[in-house]
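S.K.: Okay, here's the structure, questions in a sec.
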Amino acid sequence: MASTPVAGDPPDRRRWLGLAVLCSAFFMVILDVAIVNVALPTIQVDLDFSQKNLQWIVSAYALTFGGLLLLGGRLADLLGRRRMFVVGVALFAVASLLAGFAWSEAILIAARAFQGVGAAVMTPAALSILMTTFREGAERNTALGIWGAVGASGGTAGVLLGGILTDLAGWEWIFFLNVPVGIAVMALAPVLLAESRAQVAHRRFDLAGALSVTAAVAVLVYALVEAESAGWASAQTLGLIGVSVALFAIFSAVELRSRAPVMPFSIFRIRAVTGSNVASLALGGALFGMIFILTLYMQQVLGYSPLRTGLAWLGMSLTALVSSMVGASLVTRIGPRIPLAAGLVVVAGGLLLLAQVPANGDYLTDLLPGLLVTGLGLGSSFVSLSIGALDGVSERDAGLASGLVNTTQQVGGALGVAVLSTLAITRSEDLLAGGTAAPVAMTEGFQMALVAGAGFAVAGALAVLALVRRSRRREPVPVEEVGGAAPTAG
């Protein structure tokens, strides 16, 4: 694609310092997806959480984050990307402060939901600022490589930092940590980031479309996170999925008639965007499910402390960091198709290695090899789908594309945790009923879940090979021009 100046082309040094600001905010968002996992037992005791409500420390964040991302992305396009980025960071910092001071389970769950709102506003704005700041081609891919490295390592780094902070300072500091970072980001954003917004002839906002898609995604995520306790075939789960489908149908009808749709469906005619979002769904399921399952294995079977559990993820974080930079270089040369598919296959291989862990597992021989292999695939996959999700999208739709890829990842993560935890619990309970010792029964349940996680990754790789073509250099175009004009009736 041709290189054209964007967002005023601020001086080179300022642009890269601005990228550091964006990545700092994104790192907070990714950290808070995973950072609470190792602290859950401690929080449960300190705040007298019920076992049923404990999962909502994780799920409340995922629900609002996943549900509001598309709305956040479109608001950034229309109201100003830097403005919405700063608003999102402010919301996130305030919610983090409230979470750290939480005195009851209701307050902590509410604060986590509030954090998700801030994350949903800040994340698509940050990624679209990156897209409008760096030139199409090698420069942007380098920036996206750094962004991808942050995303690829952020989840496992969250588990690491969660363990360290919980053991050494108290669980409250997993939230307080965000406050000084948020203040620094808000102070530097006006200095280092240029303001931009979509160049459109009108400023109409599709409120009906925004509300219906937000409700549809939120209901779907709620159904998935509750499926483990309610049952996959229960009236609650099936009913909620039915409500979500109905809301998506309403959203589709609204969008087809809107003159200013919140999500023009023609964006899915860009094959790299479609393939990358399918890959994001699959990778989210594999990654978040794996972190959930292996954290339980380390603490419940191997007896690791929160600190030791966190340190166990360090090898995966480092290999993800390295492979994401290599992946960015490969995507610049050959496009996202092969690096993304290959990365997902490597992730699947790593999960299959981890699925061999025994009840008396040793870290160096049973866990580390699989974690290193998974990290190699994770870094390449994450940066490739980050680039592919914006490939061929015009500057005016950057927020939409950014919100979409983050939405699919959050929905995939909720699906992965729900499916993998259900498989693990069902298998373990069957073995316990047959007289199998608890550590062995739990381990076999975890093994089955990790094999299913590998299946997520393989499905994603096959979808990428089927949907994504090798990139050709071309000018990005507004999504309604892809394959013809969007409907304008109504």
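S.K.: Give the longest segment of the chain that steers clear of chymotrypsin sites (Phe, Trp or Tyr not before Pro) in DSSP loops with at most 16 neighbouring Cβ atoms within 10 Å, not counting the sites themselves.
M.R.: So the longest stretch without any such site is 233-490.
S.K.: Right, another one. Could you tell me which of V278, Y222, F292 has its Cα farthest along the dipole of the chain towards the positive end, charges placed at Cβ (Lys, Arg +1; Asp, Glu -1), taken about the Cα centre?
M.R.: V278
S.K.: Classify the stretch 14-87 as rounded, prolate or oblate from the Cα gyration tensor: take a ≥ b ≥ c as the square roots of its eigenvalues, call it rounded if a/c is under 1.5, otherwise prolate when a/b beats b/c and oblate if not.
M.R.: Since a/c reaches 1.5 but b/c is at least a/b, the shape of the stretch 14-87 is classed as oblate.
S.K.: Taking the structure as given and computing Cα extents along the principal axes in Å, which label from [x] 79, 49, 48; [y] 81, 55, 51; [z] 68, 42, 42 fits?
M.R.: The value matching this structure is [z].
S.K.: Report, in deg cm²/dmol and to the nearest 500, the calculated mean residue ellipticity at 222 nm for the chain, where each DSSP H run with n ≥ 4 adds -39500 (n - 2.57) and the sum is divided by the residue count.
M.R.: -25500 deg cm²/dmol
S.K.: 5 Å is the cut-off here: which amide hydrogens, built 1.01 Å from N in the peptide plane, fall below it relative to F49, excluding neighbours closer than 5 in sequence?
M.R.: Here the answer is none, since no amide H 5 or more places off falls under 5 Å of that of F49.
S.K.: OK, next. Each residue of the stretch 233-250 in order: what ³J(HN,Hα) in whole Hz does its phi give by Karplus 6.51 cos²θ - 1.76 cosθ + 1.60, θ = phi - 60°, with x for Gly and Pro?
M.R.: 9, 6, 4, 4, 5, 5, x, 5, 5, x, 4, 4, 4, 5, 5, 5, 5, 4
S.K.: Further question on the same structure: For the stretch 265-343, just say rounded, prolate or oblate: build the C-alpha gyration tensor, square-root its eigenvalues into a ≥ b ≥ c, call rounded for a/c under 1.5, and beyond that prolate if a/b exceeds b/c, oblate if not.
M.R.: oblate
S.K.: For the stretch 207-261, what Kirkwood radius comes out of the mean inverse Cα-Cα distance, in Å?
M.R.: 11.6 Å is the Kirkwood radius here.
S.K.: Expressed as cubic angstrom per residue, what is the convex hull volume of the alpha carbon set of the stretch 57-175?
M.R.: 104 Å³
S.K.: Given axes a ≥ b ≥ c from the Cα gyration tensor, I'd like to know whether the stretch 201-309 is rounded (a/c under 1.5), prolate (a/b larger than b/c) or oblate.
M.R.: prolate
Read-outs: derived from the displayed coordinates by stated rules, not from any lab. Keep in mind it's a predicted model, so treat the numbers as computed, not measured. Positions of Cβ are generated from backbone atoms using ideal geometry, with glycine treated the same way; all protein chains shown enter the neighbour counts.
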